[in-house]
1. Any idea which of ALA50, ALA44 is at pLDDT 90 or above, part of a helix (DSSP H, G or I) and within 21 Å of the chain's Cα centre (by Cα)?
2. Any chance the stretch 59-66 includes a residue that's at pLDDT 85 or above and surrounded by 10 or more Cβ atoms within 10 Å (Cβ to Cβ)?
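The values are calculated or read from the model by the stated rules, or taken from the named source; none is laboratory data. Note that this is a predicted model, so its numbers are computed, not measured. We place every Cβ from the backbone using ideal geometry, glycine too, and count neighbours over all the protein chains shown.
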Amino acid sequence: MSLKTIIIIVITVLLTTVLMQNTEQVKFTILFTDVYLSKLVVLAAVGLIAFILGVIVGRPKKAKYDIGAYHDQLHKDDPDTLSDEDRDYIN
């Protein structure tokens, strides 16, 4: 088993243990209303929201600019991009 798999299993076991130990109902005040919910439901909802936000924030971003394609398109018709002054300096 890889280290990543072991870490995932350990975190899952710990999370399940914490959730199962907090099943009693408690009063939550949401905007001016008292709601009685199980801690299990609240912890699971917060965990799910955190996971979704983590996936959204952690995904790779799209490249805004493709410099190589821009350069190729810019000099597509003219393969020799040196000026006369540059050619004189090189020679």
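1. ALA50
2. So far as the stretch 59-66 goes, no, none of its residues is at pLDDT 85 or above and surrounded by 10 or more Cβ atoms within 10 Å (Cβ to Cβ).
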